[in-house]
Amino acid sequence: MSKGHLAGRRAVVTGASSGIGAALARRLAAEGADVVLVARREERLRALAEELVRQHRVAVEVKACDLARPDAREALFAEVNAGGAVDVLVNNAGFGVHGAFLSIPWERERELLEVDVAALVHLTKLFGQAMTRRGFGRILQVSSIGAFQPTPTYAVYGAAKAFVQNFGEAIDHEMKGSGVRCTVLAPGVTTTEFHQVAGQKPNFFLTNTAMAAEAVADIAVRGLLSGRRSVVPGIMNTLTSWFVRLLPRRQAVSMAARLMAE
Ligand SMILES: NC(=O)c1ccc[n+]([C@@H]2O[C@H](COP(=O)([O-])OP(=O)(O)OC[C@H]3O[C@@H](n4cnc5c(N)ncnc54)[C@H](OP(=O)(O)O)[C@@H]3O)[C@@H](O)[C@H]2O)c1
């Protein structure tokens, strides 16, 4: 049996096939948690599962699931729940679409809203209710520093992350005293497949401010374990998240537009 802060606990991590999600799964397994890995690319999940079993001697399950589909989310919950109680839920799966709002096909934005918003709320409801009944749970919602100001060329994505930030902080307040806590992680630019999936070419800001996914995951798990409501990883991201609150709103929007321009 592994030793660590989460030894004997069971964690579900969505979006574990890549980037921040894979790093979070590694970090939770290092803390001794058994892990359920969720994403669409099953081969990648299987490779990560082998690594985690080998390195940390924890139990790892792989669940291939398209979180854009409400029926798939229900089935995921039923399957995972049938295998035992869940102590930690990490809602990390998500993607952005870069470009002028009117040029982006609705179908892609509908999928974004399903994965980044609806799936996160849906899984929080399903697993959160079960956690509350047991009197213990830790939920990590992955937002973005894009949540703190409107972001032209990421208009829908940024608004979705503002939703995640507000939703996560609100339910953490609601659940006080229940034994269940919700931490919201707001990463800044992180080196993952995110920008390639979003269709954004690297610019000066992206190239020079990126954090490693492992560093983000390490700070996130420490925040989760200490019951923090909101975690912004890295000094640059922390300063930026405070700075935009002090700026007049129009200037904050202009600044975000400049930073995201290709
Ligand atoms: N990288 C950044 O700069 C940055 C900054 C702030 C916030 N974030 C947030 O961090 C989270 C993780 O992103 P990342 O940077 O690690 O990007 P990534 O490397 O592209 O990983 C995204 C993950 O989400 C999963 N996913 C996407 N659509 C899915 C679907 N329909 N069903 C199930 N899983 C799905 C992907 O798995 P499959 O493709 O295998 O399904 C993948 O595992 C996201 O919520 C993102 O918005 C990232």
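Just so you know, all these numbers are worked out from the coordinates, no wet-lab data involved. Nothing here was measured: the structure is a model prediction, and the numbers come from that model. As a convention, Cβ positions derive from the backbone with ideal geometry for all residues, glycine included, and neighbour counts pool all protein chains shown.
Can you sort T14, T190 from fewest to most other Cβ atoms within 10 Å of each residue's own Cβ?
Listing T14, T190 from fewest to most nearby Cβ atoms yields T190, T14.
Please report F204, F95, F167 as a ranked list, fewest other C-beta atoms within 10 angstrom at the top and most at the bottom.
So the ranking, lowest neighbour count to highest, is F204, F95, F167.
In which sequence would F205, F194, F77 go, from the one with the fewest C-beta neighbours within 10 Å to the one with the most?
Ascending Cβ contact count within 10 Å gives the list F205, F77, F194.
So what is the 222 nm mean residue ellipticity for the chain from helices alone, if each DSSP H run of at least 4 adds -39500 (n - 2.57) and you divide by all residues, rounding to the nearest 500 deg cm²/dmol?
Calculated mean residue ellipticity at 222 nm is -15500 deg cm²/dmol.
Treating the beta-carbon of each Lys and Arg as +1 and of each Asp and Glu as -1, no other charges, what is the dipole magnitude of the chain about its Cα centre, to the nearest 20 debye?
680 debye
In the chain, if the dipole is taken from +1 on Lys/Arg beta carbons and -1 on Asp/Glu beta carbons about the Cα centre, which of L239, G128, P150 is farthest to the positive end?
Farthest towards the positive pole: L239.
Using the Kirkwood formula on the Cα atoms of the chain, what hydrodynamic radius do you get, in angstrom to one decimal?
The answer is 18.5 Å.
Would you mind computing, in nm to one decimal, how far apart the modelled labels at F136 and E193 are, each placed 7 Å from Cα along Cα→Cβ?
Going by the 7 Å Cα→Cβ label model, 3.4 nm.
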